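All remarks here apply to the structure that follows.
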Amino acid sequence: MRVRGRIGDGEAQRNRESRAPPMRQQSAVSADCHHVRAVAEDGQSELALRRFGSSARAGWRSSLALALVLLTGLYALTATWSPPYNVDAFTNAVQARSFAANGSAAVDEAAELVAPEYRGTVGWFTDSPSGPTSQYPPGVAAWGAIFYAFDTSQETIDVTWSNAETGDGGDLVLTVPSMRPAAVASVLAVVVAMLFFALTMRQLTTERNALLAATVAALGTGAWSVASDKLWQHGPAMMMISIGCYLSSRDRFALAGMAFGGAILVRPHTALIAAGVGCAVALSRRSLWPTVKLGAASVLGLGVLVLYNAAVFDTASISGGYGSTFSGRVTTTSPLTLGGRVIDAFIDPAVGMLWTSPFIAVAIVGAWKIRKEAPDWALGAAIGGVAYLLMQYQANRVSGGSGFFSYRYPLEALMAAAPLLALGTIAWIDSSTSRQRIFAALAGASILLHGLGAITT
């Protein structure tokens with residue numbers, strides 16, 4: 001595997017230095033390129049290079065399209081299409097249906113779920129001046145609502161719920177919407193995330209390496225076993241983060257900010273990722289203008305969130321349905337507890353990333369080695385992802401609940417850091433056959449484990 005030139009070199013980096021949008025580089029197919037250039041010297045350069053470039057682009061697009069079709073089919077085969085459903089994802093699906101059917105945040109059919117004996121076991125709904133509604137920010141439900149809007153069947157399912165947490169209240173029969181639109185929304189969110197990750201890597205390395213990096217990310221992480229399985233927050237957040245990173249790689253910082261703003265509507269503290277990109281670019285280029293554009297656009301997402309909370313919960317804040325719960329946990333968790341959670345995030349037998357995605361160990365080593373040569377935005381996104389994850393673990397236990405395979409909280413951070421991790425991996429294993437074999441074995445094991453997890457959970 002090889003990186004196109006040095007990390008941080010190449011046409012994309014040169015264009016960034018001149019403040020012009022980077023142009024797509026030609027495919028690094030060395031033997032054919034040399035042949036074409038030889039023909040060029042005989043007076044047919046422009047025509048030969050044009051034909052070669054067109055052929056290379058067509059081949060890349062065909063390969064990418066085929067990979068996306070296969071990925072969509074695989075995700076669809078392993079997604080959860082009907083109850084039983086995880087509490088968090090169930091809440092998002094019901095809220096999405098309400099957005100689509102009623103144009104309202106109120107979920108009247110969930111009125112019974114705000115009772116204390118059911119809250120947190122059946123669904124994370126809370127009272128508001130608008131009526132019972134999801135406690136979560138609206139971004140994930142808004143994404144799901146697109147697919148419920150096209151669900152002409154309006155199918156519902158009667159599901160019997162029991163309160164396993166307290167044992168109070170007996171069984172509750174609840175009429176819930178079909179989970180099929182939620183499953184489609186979940187699958188496509190992660191597919192789009194991987195599409196833009198592949199396009200981002202195509203700016204930085206060869207087509208082969210870009211496809212390999214996207215494949216490992218799509219199948220060797222919780223992107224497959226968790227995010228594409230149900231309508232969690234993770235899939236839509238990963239999608240917007242990936243789009244934001246791609247646009248940052250093209251120096252389209254205003255548009256990147258809008259994408260990061262979309263992620264904020266799903267998980268407000270993903271604002272740290274946008275901040276990481278903005279700060280890194282400002283320091284690297286000694287210019288505040290790209291950061292101003294990115295920051296101003298991302299703040300739009302924050303503004304929409306505040307307005308939503310003001311309209312639904314009658315409080316102009318970013319906490320919304322969480323109330324003081326989230327901020328309270330953030331400010332009261334001790335550094336020792338946070339440190340333990342971070343360690344567990346890597347090595348805990350149940351949720352540790354290194355157990356089910358062991359290739360990440362190689363990726364981290366590689367990323368550290370090339371950190372000074374990496375594109376500024378990629379380094380900033382990775383740093384922002386780390387900050388995001390620290391806040392996530394400051395507020396939440398490392399397990400993230402139950403009803404899913406391995407880990408889920410690190411998914412947004414991994415998506416933000418993915419370009420740096422991929423570049424580091426490519427650079428570190430490029431000159432060593434033994435390292436390539438080790439990475440291939442670890443990546444294969446990761447894919448196998450998450451495949452089994454996707455099938456069994």
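Report the dimensions of segment 175-255 along its three principal axes from the alpha-carbon atoms, largest first, rounded to Å.
Projected onto the principal axes, the Cα atoms of segment 175-255 cover 49, 30, 14 Å.
If R₀ is 51 angstrom, what is the calculated FRET efficiency for the pair SER432 and ALA111, using the beta carbon separation as r and rounding to 0.05?
The computed FRET efficiency comes out at 0.25.
A short reminder: the numbers here are calculations on the coordinates, not readings from a lab. Predicted, not measured: the structure shown is a model, and the values here were computed from it. Don't worry about glycine lacking a Cβ; one is built from the backbone with ideal geometry, like all the others, and counts go over all protein chains shown.
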